[in-house]
Amino acid sequence: MTNLVYLIQLLDDTDEEVFSHVEEELLAYGPDAIPALEDAWSQSFDHLIQSRIERIVHKIQFDTMKADLKIWTMNEPNNLLKGAILIARYQYPDLDEKFIHEQIEKIKRDVWIELNDNLTALEVVKVLNHIFFDVFNFSGNTTNYHAPQNSFLNNVLESKRGNPLSLSLLYMVVAQELHIPIYGVNLPEHFILAYLNDKEVASDDESQEKSASAPKHIVEVLFYINAFSKGAIFSEKDIDAFLKQLKIDPEKRFYNPCSNVAIVQRMLRNLFFAYQKLGFPDKMNEIKQLLNAIHPD
């Protein structure tokens, strides 16, 4: 009998001190313990054992996801899609990532077919909007704006509904993979997109991003895009008016692209507030841990 099997057999011990030790030992096995734990769960009719197994499996999956998120932040921040998939794995540990990639490839292929080198920036966005909002029927989830599901990419791809950030994220992932210079802008109380002039200009220290993948040079924004409003186009003056309405002083960061790390941080903050509204303190605490994994402050 292996030590793992022996530990699982001790999960019915009513002594909390014994269970605490068993739990600690099982957690040390990490993901390798999950198949055996799930097998034990399916063979047991004891509520105590099943609930303890569920708790241990969740802890293992959460700790793994948290570690992967920290690694992504340090090593792969250029890959925004991977960061978003990691966030989805918080709720769906067994997420079928292939489904996400296949759906994005379908959107990308349909956009690519409609593009040609003679299109202006506005015409390119018109193509993107047609494919996203007319062909694939994406739209803003105005009915359940604060629902956690709006932050999980697999849900957004299935339901075709999302919040400003998730819709913008999908939009910019497709655009950037097609070499269209569209990037996210962290506007207060909203998330928008900026279509950049693709001509690189001289850089300065202030424009350098600490994290990928906002452009590493001074940017010239041609116009802005509101993915939550089916790709509506607007200008810098509209941002001025929006900030004035919120009584917020205009800052350069409200007009220029932000980093991928900042986007994932905002996804997590959206989840935190969603769970706060639903009254889920345990999930709020876990989201705090994920934010801390990205940025200790």
Can you tell me which residue within the range 106-121, out of those that are without any contact (Cβ under 8 Å) to a residue 12 or more places away in the chain and assigned to a loop (DSSP other than H, G, I, E, B), is nearest to Leu196 (Cα to Cα)?
-> Thr120
Only one residue in Leu80, Leu95 is closer than 30 Å to Val173 by Cβ and in contact with a strand residue (DSSP E or B) (Cβ under 9 Å, 6 or more places away or on another chain). Which one?
-> Leu80
Failed condition for Val125, given (1) part of a helix (DSSP H, G or I); (2) closer than 30 Å to Leu4 by Cα; (3) out of contact with any helix residue (DSSP H, G or I) (no Cβ under 6 Å at 6 or more places or on another chain); (4) of a type outside the set (Ser, Thr, Tyr), with all others met?
-> (2)
Phe280 meets each of (1) at pLDDT 95 or above; (2) within 22 Å of Thr73 (Cβ to Cβ); (3) surrounded by fewer than 20 Cβ atoms within 10 Å (Cβ to Cβ) with one exception, condition (2)
Scanning the range 73-105 for residues that are more than 12 Å from the chain's Cα centre (by Cα) and part of a helix (DSSP H, G or I) gives Thr73, Met74, Asn75, Glu97, Lys98, Phe99, Ile100, His101, Glu102, Gln103, Ile104, Glu105
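The values are calculated or read from the model by the stated rules, or taken from the named source; none is laboratory data. Small disclaimer: the values here were computed from a predicted structure and weren't measured. Cβ coordinates were reconstructed from backbone atoms using ideal geometry, including for glycine residues, and neighbour counts include every protein chain displayed.
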